[in-house]
Amino acid sequence: MLGAMSALATASVFLDLLARDAAAIEYDGPIVAARVGGASAEELAELEAAKRVALQVRATLARSRRREAELVALFETAGDLAALRDLDAVLKAIVSRAHTLIGADVTYLTLDDPEHADTYMRVTHGSVSARFQSLRLPMGAGLGGLVAQTAKPYATSDYPQDARFRHTTEIDDAVGEEGLIAILGVPLTLGSHVIGVLFAANRTARPFARHEITLLSSLAAHAAVAIDGARLLQATRDALSELRAANELVRAHSESVERAAAVHDKLADLVLRGGDVEGIAAAVAEALGGGLVVVDADGAMTAVASHPPDHTSRADLDLRSKEIGDLIALSAATGHAVRSGDLVVAAVAAAAEPLGALILRAPETFGDADQRILERAALVVALHLLMRRSEAEAAERLGGDLLDDLLAVPVRHTSTLAERARRVGVDLERPHIVVAADASPADRPRVHFAASRLAGAEGGLAGSYEGRIVLLLPGDDPSATARRVLAGLRGGLAQPLTVGAGGPKAGVAAFADAHAEAVRCLSALHALGRGGSAAAPSDLGFLALVLGGGDPGDVVRRALGPLIDYDAKRGTDLLGTVERYFAAGRSLGRTGEALHIHVNTVTQRLERTARLLGSDWQEPGRSLEIQLALQIRRVMGL
């Protein structure tokens, strides 16, 4: 009975120690007390056996608690991975848990850097050395290098003295500064590839137990999963970001394409409906904003548009003419619009032929899509100019052929000329002026083009005839017409342009005579040394007939025609009276004596002459013309 009670008491003592989680040394207390109390050897042996069982139970409980803590740590780590938001936070938690569970002084994690072919310190816990925290390890160097190279765990109780590892001064100095002695490293692997190493280290020499290696390996596996997951997540984020950027790019490109297409449709519609360059410029300025100037191949401004209105002007362009010229040349060479500051220039060309340029004072928002619109607008302007040129050339061919037939002597096909003229918008029944211009061979193409534009604008005809540029223009003032034509054609020429005009005339059979008058005026201007000027017969008077190399009969007819016709019709002798009058020094008495008529008769005849020739017929210039005509008539027997 006493033995049974003693056994119960002994078990109670050790159970109490187990319950209190007493230190292992406390389990010797009951044995010492029994030995002091005089317990028998049998009782002491029984107590020793109970102590051993209690210590085994204590060790089992400790392992269970440790395993529970490890499982909790792994479970918490798995939870962190499931809620992964920040890779740094997860890695720091893993290193911190390793520090707690293994009881190491320092835990840390390194990752491979393929770009630099080494590894670098990623996370540390318990470290006090800045040098150690920024350490980079060459591949294969140190304990970590061997772990990364072999993909196996390695541990040492005394790293500084362990010859298994390739020591380097940099690593040993950093480890020495941190004071580390015992180090355990396990690989972080993804598949068969090592991406880093997880370490536990102590500042005293001690071996690492198998379960510590296993625990650290488990944490390393979680760390590898975290890193891989973070990389995948980042890759997904990057892909989504790229997808969003690509989608935005596609959307922006689609919008720019739709906008460019809308502008192109508008411009094409303008051209097809017969719009002009001004309309095209206005549409482009509205689409792009800013001020747009269109210039021709000579740099002359042909259209200006602005949206909103600004102050783009010829003066603005003149101040930057050198810069603009260089930009036009560069644009023509590259085939694209070019920009300098606030100016964007797109050359207008057909094949290698320059036709002009679009000069845009661009807003700050001007971008690539706007540049494509400007380039497309330059193509539309080129198309418009080519179409207008083709129309002008076709009209010029028709008008040139018609003009040839109108000026020919004798006039042919008179029955169809009026109808042909109506087809090209010319009414030959209206008074017209014939203008002839002498241009140098080098200037003739330019003058011809300008003449065609002028004739088209005024509803007339233009062409080349007998080596000269000839225009047939509606009007009744040959002098004013000659001056207007000279002003419109002489711009940009290498040599002076001389212009003569004849007319006005109406009817298909009358324009050859008007052309002859214009040619005589040209000849007279050259004979007088007045090249580069313009004149009509009324500006030169009798000189136009004499110096122009006209037909003597025409000279006589121009000066005396009304008198000749009157005498022929009525059988009078007004011509003889005028001739005797000038021969008598304009004396009425002597004239009457020479003709054997009364002075009153002489007076009546001279009054009739004034009505036929004009009241100025006795003015010095006019009277000279009449006297010269009388002499030509007498000498040549006309």
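Structure notes:
- Subset of the stretch 182-194 that is surrounded by fewer than 20 Cβ atoms within 10 Å (Cβ to Cβ) and in contact (Cβ under 8 Å) with a residue 24 or more places away in the chain - its residue that is farthest from Ala98 (Cα to Cα): Ser192
- Residues satisfying the stated conditions in the stretch 121-143, i.e. among the charged types (D, E, K, R) and either assigned to a strand (DSSP E or B) or surrounded by 15 or more Cβ atoms within 10 Å (Cβ to Cβ) (or both): Arg122, Arg136
- Thr591 being in contact (Cβ under 8 Å) with a residue 24 or more places away in the chain, of a type in the set (Ser, Thr, Tyr) and surrounded by 17 or more Cβ atoms within 10 Å (Cβ to Cβ): no
- When residues of the stretch 336-352 are limited to those that are surrounded by fewer than 24 Cβ atoms within 10 Å (Cβ to Cβ) and in contact (Cβ under 8 Å) with a residue 12 or more places away in the chain, the one nearest to Leu374 (Cα to Cα): His336
- Boolean, Leu355 is open to solvent by less than 70 Å² (accessible area, probe 1.4 Å), part of a strand (DSSP E or B), at pLDDT below 80 and touching an Asp or Glu at 6+ places or on another chain (Cβ under 9 Å): yes
- Of the numbered criteria (1) among the charged types (D, E, K, R); (2) closer than 25 Å to Leu101 by Cβ; (3) surrounded by 14 or more Cβ atoms within 10 Å (Cβ to Cβ), the one Asp158 fails is (3).
- Subset of the stretch 106-117 [buried (at least 17 other Cβ atoms within 10 Å of the Cβ) and acidic (Asp, Glu)]: Asp112
- Residues of the stretch 503-517 that are closer than 14 Å to Arg468 by Cβ and open to solvent by 20 Å² or more (accessible area, probe 1.4 Å): Ala516, Glu517.
- Test for Arg468: is it in contact with a Leu (Cβ under 9 Å, 6 or more places away or on another chain), over 26 Å from Asp405 (Cα atoms) and open to solvent by 30 Å² or more (accessible area, probe 1.4 Å): no
- Residues (in contact (Cβ under 8 Å) with a residue 40 or more places away in the chain and crowded, with 24+ Cβ neighbours inside 10 Å) located in the stretch 523-536: Ala534, Ala535, Ala536
- Complete set of residues in the stretch 492-511 that are within 9 Å of Val434 (Cβ to Cβ) and hydrophobic (A, V, I, L, M, F, W, C): Ala501, Phe511
- Single condition Met5 does not satisfy, out of (1) modelled with pLDDT under 70; (2) open to solvent by less than 50 Å² (accessible area, probe 1.4 Å): (2)
- If you go through the stretch 142-164 and keep only what is among the hydrophobic types (A, V, I, L, M, F, W, C) and closer than 20 Å to Ala220 by Cβ, you end up with Leu143, Leu146, Val147, Ala148, Ala151, Ala155.
- Enumeration of residues in the stretch 161-180 that are of a type in the set (D, E, K, R) and open to solvent by 50 Å² or more (accessible area, probe 1.4 Å): Arg164, Arg166, Glu170, Asp172, Asp173, Glu177
- Filtering the stretch 200-214 to residues that are open to solvent by less than 20 Å² (accessible area, probe 1.4 Å) and among the hydrophobic types (A, V, I, L, M, F, W, C) leaves Ala200, Ala201.
- For first residues located in the stretch 400-427 and within 11 Å of Phe511 (Cβ to Cβ) and at pLDDT 70 or above, partners that are among the charged types (D, E, K, R) and assigned to a helix (DSSP H, G or I) and lie 6+ apart or on another chain with Cβ distances below 7 Å form the pairs Leu402/Arg420; Leu417/Asp405.
- Val197 satisfies every condition listed in (1) surrounded by 14 or more Cβ atoms within 10 Å (Cβ to Cβ); (2) aliphatic (A, V, I, L, M); (3) within 58 Å of the chain's Cα centre (by Cα); (4) in a helix (DSSP H, G or I) except (4).
- Taken over the stretch 491-512, the criterion of being more than 25 Å from Arg420 (Cβ to Cβ) and without any contact (Cβ under 8 Å) to a residue 40 or more places away in the chain is satisfied by Pro496 alone.
- Filter pass, Ala155 being modelled with pLDDT of 90 or more and either hydrophobic (A, V, I, L, M, F, W, C) or not in a strand (DSSP E or B) (or both): yes
- Subset of the stretch 203-231 (residues that are modelled with pLDDT under 80 and farther than 11 Å from Leu188 by Cβ): Gly229, Ala230, Arg231
The values are calculated or read from the model by the stated rules, or taken from the named source; none is laboratory data. No experiment lies behind these values; they were computed from the predicted model shown. FYI the Cβ positions are ideal-geometry reconstructions off the backbone, even for glycines, and counts take in every protein chain you see. Ligands, DNA and RNA are stripped out before the accessible areas are found, and what is left, the full protein with its side chains, is counted by its heavy atoms. Shrake-Rupley method; radii C 1.70, N 1.55, O 1.52, S 1.80 Å.
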